[in-house]
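The values are calculated or read from the model by the stated rules, or taken from the named source; none is laboratory data. Quick caveat, the model's predicted, so the values are computed rather than measured. As a convention, Cβ positions derive from the backbone with ideal geometry for all residues, glycine included, and neighbour counts pool all protein chains shown.
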Amino acid sequence: MATSIFVNLPVQSLSRSVEFFKQLGYTFNPQFTNESGTCMVISENIYAMLLVRDFFKTFTDKEVADPSKVVGAIIALSADSRAAVDTLADKALKAGATKAKDPQDYGFMYQRSFLDLDGHHWEVFWMDPKHVQPQQ
């Protein structure tokens, strides 16, 4: 069985976040959706749990960071091509995201980044497969 990853993110408005990510092309698993949160399907084994802040707080005894003021993580997603990087980043900006940094082009790797409506930092990148060394 492959390992899956569930990234849990606090959001101010669940409906607003769902609408934003729908505009980027993501779907949601209704089995794990209610008024407190939803499961956004990123890929077969990658999910983002968008959780209303008060519900998110029930999972930790620590203070919940305000992602509009501090960075606790950068969520990086690979894309199949440079064009796919631009497509997703452009959709995010059109849907209300803000640019986090200027595009970065390293020749073998290209990336763009944005802050979602709550301020979570997302990066989308393409890496030339010829430059990825196989694991030994």
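Being in contact with a strand residue (DSSP E or B) (Cβ under 9 Å, 6 or more places away or on another chain) and not hydroxyl-bearing (Ser, Thr, Tyr) is the filter here, so list the residues in the range 35-51 that pass it. Outline the logic, then answer.
Residues of the range 35-51 in contact with a strand residue (DSSP E or B) (Cβ under 9 Å, 6 or more places away or on another chain): 35-43, 45-51.
Those that are in contact with a strand residue (DSSP E or B) (Cβ under 9 Å, 6 or more places away or on another chain) and not hydroxyl-bearing (Ser, Thr, Tyr): Glu35, Gly37, Cys39, Met40, Val41, Ile42, Asn45, Ile46, Ala48, Met49, Leu50, Leu51.
Among the residues of the range 19-34, which ones are in contact with a strand residue (DSSP E or B) (Cβ under 6 Å, 6 or more places away or on another chain) and either among the β-branched types (Val, Ile, Thr) or farther than 21 Å from Gly72 by Cα (or both)? Step through it out loud before you land on a result.
From the range 19-34, those in contact with a strand residue (DSSP E or B) (Cβ under 6 Å, 6 or more places away or on another chain) are 21, 26-29, 32; that's our starting set.
Once the filter is applied, which keeps residues that are in contact with a strand residue (DSSP E or B) (Cβ under 6 Å, 6 or more places away or on another chain) and either among the β-branched types (Val, Ile, Thr) or farther than 21 Å from Gly72 by Cα (or both), the range 19-34 yields Tyr26, Thr27, Phe28, Asn29, Phe32.
For the range 1-118, which fully contained strands (runs of 3 or more DSSP E) count at least 1 residues that are touching a residue at least 24 places away in the same chain (Cβ under 8 Å)? Don't jump to the end; show me each part of the working.
Working: elements: 5-11, 27-34, 37-43, 46-52, 74-78, 98-105, 109-115.
Filter on the range 1-118 gives 5-11, 37-43, 46-52, 74-78, 109-115.
With respect to Ser43, is the statement that it is over 13 Å from the mean Cα position of the chain (by Cα), outside the structural domain of Tyr110 (by TED's automatic domain parsing) and of a type in the set (Ser, Thr, Tyr) true?
no
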